[in-house]
Amino acid sequence: MTQRLTTRATTVTVALAGALALAACGASNEGGSAAAGTSGEKQLEGTLNGAGSSAQQAAMQGWTAGFSGVQSGVTVNYDPVGSGGGREQFLAGGVDFAGSDSPLDDDELAKAKQRCGDAGVFELPNYISAIAVVYNLPGVDELNLKPATVAGIFHGDITTWNDPAIAADNPDAKLPATKITPVHRSDDSGTTKNFTDYLSKAAGDVWTDEADGVWPLKGGEAGNGTSGVISAVKGGEGTVGYADESQADGLGIAKVGVGEEFVKPSPEAAAKVVEGSTVKSGRGDYDFAYDINRQTTSADEYPIVLVSYHIGCVQYDKQATADLVKAFEGYVISKEGQSAASDAAGSAPISDTLREQSQKAVDAIAVAG
């Protein structure tokens, strides 16, 4: 098996790669992409390079291992530098695709046209995951937080764990007077952009800053990447942060207020809120960036969610690159690929509607004419 995943933090183990590859070998993609796993497909060789979202890191391990079962001659490298770093590298031509927890903004779309030509870019929603509000507070196993309380904590207005606002959300809890230490991302992060988007829309009276991938406030503690935030929260008492729910093992996970209820993050609740959201208008034919409904009042939906994307060119300069991207993205959006990501990262598989939508973009990937 020549398929491998290169990251800063971890690599696919032989056992995981073998298990996922065996699962993928007999699979078939109903969309009919080149990575469908059918016996008659064209076998490719070469190297595909990507960079970006650290939240996607575990999912990328699942995708890479499974893809090796259908394209053993392809090496996929992925560097989890963060969403902003991935988009920057892609737009500069340094990698073939980017993983990003937020879509391209208007300035980046203009740069993408320079990189990709008039055919533009694809943005495929391939990874759906809840962003958990994680905390380290010994003796407090359950925690409820309304949107305004979450915003007050991260804005620095609520500074101790026994603050009246937290106590009001948790009338039966014994809350200590421990100082609150908020932890945010130090890098340009799609997780941060999604989290601040939630704060601005669900608690705009408290959180007056706009959504941004760069943390807008001074103070608090910072961690680089998802792993950096998790490590910082684990390393201190009274700490609180935000991170991909699939990587929150060993930490307390708060329930957030949704309507009259408090909802804990889960793949199912994350998928539900995306189903009720809409695609951004005025973008390219294969640009499927979403506006997430952060103000839902439905108790089966969790609004602090990220929809993570793979971003690439609809047309590439080289046929070999186009073939590799088309094959890999076809596998990523397939039922088999989504199952591999779910097994590896606990993410919510995309719906059949999203798969059919994304398949149109995969089918369009080609060499520039």
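The values are calculated or read from the model by the stated rules, or taken from the named source; none is laboratory data. Keep in mind that this is a model prediction, so the values were computed, not measured. FYI the Cβ positions are ideal-geometry reconstructions off the backbone, even for glycines, and counts take in every protein chain you see.
Is there a residue being out of contact with any strand residue (DSSP E or B) (no Cβ under 9 Å at 6 or more places or on another chain), free of Cβ contacts under 8 Å to residues at least 24 places away in the same chain and not in a strand (DSSP E or B) anywhere in the range 87-104?
Quick first cut of the range 87-104, residues out of contact with any strand residue (DSSP E or B) (no Cβ under 9 Å at 6 or more places or on another chain) only: 92-93.
Next, from what is left, pick out any that are free of Cβ contacts under 8 Å to residues at least 24 places away in the same chain: 92-93.
From what's left, not in a strand (DSSP E or B): 92-93.
Yes: one or more hits.
Please determine, by comparing only the residues of the range 243-258 that are small (G, A, S) and touching a Leu at 6+ places or on another chain (Cβ under 9 Å), which one is farthest from Y135 (Cα to Cα). Result: G257. Only one of the numbered conditions (1) crowded, with 24+ Cβ neighbours inside 10 Å; (2) out of contact with any strand residue (DSSP E or B) (no Cβ under 7 Å at 6 or more places or on another chain); (3) hydrophobic (A, V, I, L, M, F, W, C) is violated by F67, and that is (2). The number of residues in the range 113-149 that are closer than 30 Å to D96 by Cβ, part of a strand (DSSP E or B) and not charged (D, E, K, R) comes to 10.
Which one of G223, G204, G241 is in contact with a Lys or Arg (Cβ under 7 Å, 6 or more places away or on another chain) and at pLDDT 95 or above?
None of the other options fit; the residue is G223.
Only a single criterion out of (1) over 15 Å from S129 (Cα atoms); (2) modelled with pLDDT of 95 or more is not satisfied by S281, namely (2).
Any chance you could count how many residues in the range 244-280 are of a type in the set (K, R) and touching a Lys or Arg at 6+ places or on another chain (Cβ under 9 Å)?
Of the range 244-280, the ones of a type in the set (K, R) are 255, 264, 272, 280.
Next cut, touching a Lys or Arg at 6+ places or on another chain (Cβ under 9 Å) only: 255, 264.
Of the residues in the range 244-280, 2 are of a type in the set (K, R) and touching a Lys or Arg at 6+ places or on another chain (Cβ under 9 Å).
Taking only the range 62-84 into account, find how many residues are modelled with pLDDT under 95 and part of a helix (DSSP H, G or I). Of the residues in that region, 2 qualify. In the condition set (1) in contact with a Leu (Cβ under 6 Å, 6 or more places away or on another chain); (2) assigned by TED's automatic domain parsing to the domain that holds V233, K111 is compliant with all but (2). Within the range 309-344, the set of residues being in contact with a helix residue (DSSP H, G or I) (Cβ under 7 Å, 6 or more places away or on another chain), of a type outside the set (A, V, I, L, M, F, W, C), more than 15 Å from T47 (Cα to Cα) and crowded, with 22+ Cβ neighbours inside 10 Å comprises H310, G312, G330, Y331, E336, G337. Within the range 176-202, the residues that satisfy the criterion of being without any contact (Cβ under 8 Å) to a residue 60 or more places away in the chain and within 32 Å of the chain's Cα centre (by Cα) are K179, T181, P182, V183, H184, S186, T192, T196, L199, S200.
Please specify each residue of the range 315-369 satisfying the condition of being of a type in the set (D, E, K, R), in a helix (DSSP H, G or I) and either within 16 Å of G120 (Cα to Cα) or without any contact (Cβ under 8 Å) to a residue 60 or more places away in the chain (or both).
First, pick out the residues of the range 315-369 that are of a type in the set (D, E, K, R): 317-318, 323, 326, 329, 335-336, 343, 352, 355-356, 360, 363.
Now narrow it down to the ones that are in a helix (DSSP H, G or I): 323, 326, 329, 335-336, 343, 352, 355-356, 360, 363.
Once the filter is applied, which keeps residues that are of a type in the set (D, E, K, R), in a helix (DSSP H, G or I) and either within 16 Å of G120 (Cα to Cα) or without any contact (Cβ under 8 Å) to a residue 60 or more places away in the chain (or both), the range 315-369 yields K326, D352, K360, D363.
Taking the range 254-307 as the range and being outside the structural domain of K193 (by TED's automatic domain parsing) and polar (S, T, N, Q) as the test, the residues that pass are S277, T278, S281, N293, Q295, T296, T297, S298.
Among the residues of the range 176-205, those that are surrounded by fewer than 18 Cβ atoms within 10 Å (Cβ to Cβ) and part of a loop (DSSP other than H, G, I, E, B) comprise P176, A177, T178, G204, D205.
For D291, state whether it is closer than 30 Å to D363 by Cα, surrounded by fewer than 22 Cβ atoms within 10 Å (Cβ to Cβ) and touching a strand residue (DSSP E or B) at 6+ places or on another chain (Cβ under 7 Å).
On the way: closer than 30 Å to D363 by Cα: yes; surrounded by fewer than 22 Cβ atoms within 10 Å (Cβ to Cβ): yes; touching a strand residue (DSSP E or B) at 6+ places or on another chain (Cβ under 7 Å): yes.
So D291 fits the description; yes.
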